[in-house]
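Here, each number is a calculation from the coordinates, and none is a lab measurement. What you see is a predicted model, and the numbers here were worked out from it, not measured in a lab. No Cβ is skipped: glycine too gets one built from the backbone with ideal geometry, and neighbour counts run over all protein chains shown.
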Amino acid sequence: MMRAFPKHCSCLMTCVSSAWIASMHRSLRLISLSALAAMLCQCGTGSSAPAPRRGITEIVNVSAYDPKEKQRAGRSYSEHDVSALRDNGAAGLIARIGKGGVLDEKCATFLQSADRCQMLVGVYYRTLPNLSMISQADQMVARAQQIARSRAWQQSHLLLCADFDATSSTTQMIQFLDRVKQRTGVDCVVYLENSEHLRVTLHHASEPVKQRLRRSPYWAALYSHDGGACRHFPVPGTPTGLTRQYHTWRDWTFWQYGGVLWENRRSRPKVYRGFPTYLGNLDRPVERNIFRGSPEQLRALWMRHGMPLHR
């Protein structure tokens with residue numbers, strides 16, 4: 001996920017003035033959806049990005065760093081009550097379950113609150129490359145199984161996601177994915193930062209490696225239409241453009257278009273051009289994603305790539 005508190009890859013960052021953001025936010029209420037879609041298509045490198053629209057399938061992801069501090073008037077949320085997220089259009093919530101051998105203390109509470117709101121629930125594990133991938137996968141699975149048995153859930157499945165460090169190797173990725181698959185029968189969703197190392201590594205990976213990774217849906221991270229250029233690749237422009245640079249998946253499944261930076265002791269939303277700075281009427285930023293498909297397709301994917309919950 002976007003490294004709101006740890007250091008994040010600088011190639012993603014572009015400066016957007018507060019005046020421009022406010023202007024765009026007001027403009028979204030005035031321009032037609034077709035005009036907005038056309039505007040977004042012009043931002044990229046020949047690939048079109050989905051435009052913000054009514055009925056968009058939104059997913060939020062959270063961690064122990066959430067909720068962030070209040071920044072404006074509006075509705076708030078906490079790990080104990082996420083109804084504001086649901087009411088502002090979030091169909092699902094994915095909570096960090098752990099990072100590099102350390103469990104996230106808010107994960108279970110966030111998931112229980114989301115389930116009470118009839119939101120889809122999922123977890124992601126942030127791997128660190130200097131630790132055993134097997135032990136990290138085992139920790140994720142053990143905690144997920146514990147959470148799954150902890151109560152009677154309304155939702156049927158807990159989505160499993162792997163968040164790989166920007167310097168990870170394909171060997172490490174496959175070790176983690178294979179271990180989770182061995183223990184749960186589930187192919188995790190794969191979240192990748194927009195890093196030069198990952199793009200180069202996967203672009204030039206062998207076909208057997210790519211075939212293995214393609215069993216996992218790709219969760220793209222792109223917060224800027226004009227950032228992400230590096231020595232080996234131009235600006236990806238859109239999530240489809242970024243997917244092509246990885247040259248592994250046919251297309252993206254989830255797109256994290258909104259992240260949160262930590263600058264000058266304050267959280268700052270970092271949101272792809274054309275999307276509102278905040279989710280609906282929330283009074284603080286939250287990391288936001290969209291699903292490339294219908295709500296019915298989202299539920300089907302959740303079941304294919306999630307482990308059963310006790311009901």
(Q) Quick check on the exposure proxy: order Ser216, Ser135 from fewest to most C-beta atoms within 10 angstrom. (A) Ser135, Ser216
Q.
Apply the a/c threshold of 1.5 to the C-alpha gyration tensor of the range 153-311 and tell me whether it is rounded, prolate or oblate.
A. oblate
**Q.** Cβ-defined net charge surrounding Asp283, 11 Å radius [Lys, Arg +1; Asp, Glu -1]
**A.** +4
**Q.** Across Lys99/Lys270; Lys210/Lys270; Lys68/Lys210; Lys181/Lys270, pairs whose alpha-carbon gap is larger than 27 Å
**A.** Lys210/Lys270; Lys68/Lys210; Lys181/Lys270
Q) Arranged by the count of other C-beta atoms within 10 angstrom, fewest first, what order do Cys117, Cys188 take? A) Cys117, Cys188
Q: Please turn the phi angles of the range 194-203 into ³J(HN,Hα) values with the Karplus equation 6.51 cos²θ - 1.76 cosθ + 1.60 (θ = phi - 60°), one per residue in order, whole Hz, x for glycine and proline.
A: 7, 10, 4, 4, 5, 5, 5, 4, 6, 4
Q: Take every DSSP beta bridge whose two residues both sit in the range 196-311, then give the antiparallel share in percent to the nearest 5.
A: 75 percent
Q: Report the FRET efficiency, 1/(1 + (r/R0)^6), for Arg250 and Arg311, where r is their Cβ-Cβ distance and R0 is 35 Å, rounded to 0.05.
A: 0.55
**Q.** Difference of contour (0.36 nm per residue) and Cα-Cα distance, Ser132 to Arg231
**A.** 32.6 nm
Q) Gain in length, Ser83 to Met303, computed as 0.36 nm per residue apart minus the alpha-carbon separation, to one decimal in nm? A) 76.9 nm
Q: For Val62, list long-range residues whose amide hydrogen, built 1.01 Å from N in the peptide plane, is under 5 Å from its own amide hydrogen.
A: Ile94, Ala95, Arg96
